[in-house]
1. Once fully extended, how much extra length lies between residue 256 and residue 292, figured as 0.36 nm per residue of separation less the alpha-carbon to alpha-carbon distance?
2. For the pair residue 99/residue 32, report the inter-label distance in nm, with labels modelled 7 Å from Cα in the Cβ direction.
3. How high is the relative contact order of the chain, in percent, counting Cα pairs under 8 Å that sit 6 or more residues apart?
4. Points 7 angstrom from Cα along the Cβ direction at residue 233 and residue 245: gap in nanometres?
5. Taking the Cα centre of the chain as origin and charging only Cβ (+1 Lys, Arg; -1 Asp, Glu), how large is the dipole, in debye to the nearest 20?
6. Excluding ligands, DNA and RNA, what is the solvent-accessible area per residue of the range 234-279 at a probe of 1.4 Å, expressed in Å²?
7. May I have the pair-distance distribution P(r) for the range 23-149, computed from all Cα-Cα distances with 5 Å bins from 0 and rounded to whole percent?
8. Would you work out if the range 176-296 is rounded, prolate or oblate? Take a ≥ b ≥ c from the square roots of the eigenvalues of the alpha-carbon gyration tensor; rounded if a/c is under 1.5, else prolate when a/b is larger than b/c, oblate otherwise.
Amino acid sequence: MRAAAYERFAQVSDIPARRWLHVAVVSALVAVAIYVFAVLTPVGQALENAALRGADQISANEAADANENLNEITVYSLAVAVVVVALIGLLRRRWELMVASVGVIVAGQVVTQGLKRYVLPRPPLVQMSGHYAANSLPSGHTTIAMTVLFAALIVVPYRWRGVALFFAMFWAVGIGAYTVTAKWHRLSDTLAADAIALSLACLASWWLARRSLVRHHDGRSRLMRVLMVLFTALLMLAALVVGGIFLWSSLTREGLAGTLRDNTWIIYLTANLFASFGSAAAALVFLGTWRRLEIP
């Protein structure tokens, strides 16, 4: 019996819980850097305002599709997601899992709405009027989508993690891009929300690890999960490269002033691709912190 207890202790103590704390801190710093560049500099504000003007050129069907998907996220749908996540934790007889996963979703909205409404100013560094002059960072919709994804990855058993990833990740990535398409948010709003959601999910994971609940998974890898991660990583890199090429070619040809004046469509496309990249990158980073780890 003593040998079994020592083996369990060794298995837990061998797990570097600080990995989640490190990622949480880095993610928070990334969110700060995004805010500083995009909101507190004239160049950042000008680029994002140009992306908003570029979004005016999308088709009516694209705009309607984006708005329809965003409108599906309501207080009621969020409540349903919280209840489902909580039930999974209860069915697994792990109250800590329920607290951690539900806490990620709830804390996401508390932090996001608090920062957006009461903490972060948006100084008028460039000409802008009406609704778009107000601060919209971070995006509440993106935070909901990403925290629901992270909560699902935390609460489900290891063997179902790939299924949760498949159904939740592409939806969450799509929501981030839709906020830019529908002009509900700027790119920085989405990227900051990704970083905040990742930071909160890592803090919840760190708390679980500190309670000695996390174990190494000794079973074989799931082939479909590996393939899906590789496929997502390739799409993520493709979005980053294509968006970078679009923006670089315009800046090289037209310069910053010319791009802001004449190529707002290119800036919008770049922002949309970067929004997809940011959400997918956050999802893969969080999944990577849980690689070969589980809560039995």
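The values are calculated or read from the model by the stated rules, or taken from the named source; none is laboratory data. What you are looking at is a predicted structure, and each value in this text was computed from that prediction instead of being measured. As a convention, Cβ positions derive from the backbone with ideal geometry for all residues, glycine included, and neighbour counts pool all protein chains shown. Surface accessibility is based on the protein's heavy atoms, side chains included, excluding ligands, DNA and RNA. Shrake-Rupley method; radii C 1.70, N 1.55, O 1.52, S 1.80 Å.
1. Details: separation 36, 0.36 × 36 = 12.96 nm, distance 4.57 nm.
Extra length available between residue 256 and residue 292 comes to 8.4 nm.
2. For residue 99 paired with residue 32, the spin-label model returns 2.8 nm.
3. Working: 399 pairs, mean separation 88.1, N = 296.
In percent, rounded to a whole number, it is 30.
4. 2.1
5. Numbers: 25 positive and 15 negative charges, 255 e Å.
Taking the Cα centre of the chain as origin, the dipole is about 1220 debye.
6. Working: 2360 Å² over 46 residues.
Using a 1.4 Å probe on heavy atoms only, each residue of the range 234-279 averages 51 Å².
7. Pairs per bin, as whole percents: 2, 9, 14, 17, 17, 17, 12, 6, 4, 2, 0, 0.
8. Values: a/c = 3.64, a/b = 2.19, b/c = 1.66.
Prolate, since a/c reaches 1.5 and a/b exceeds b/c.
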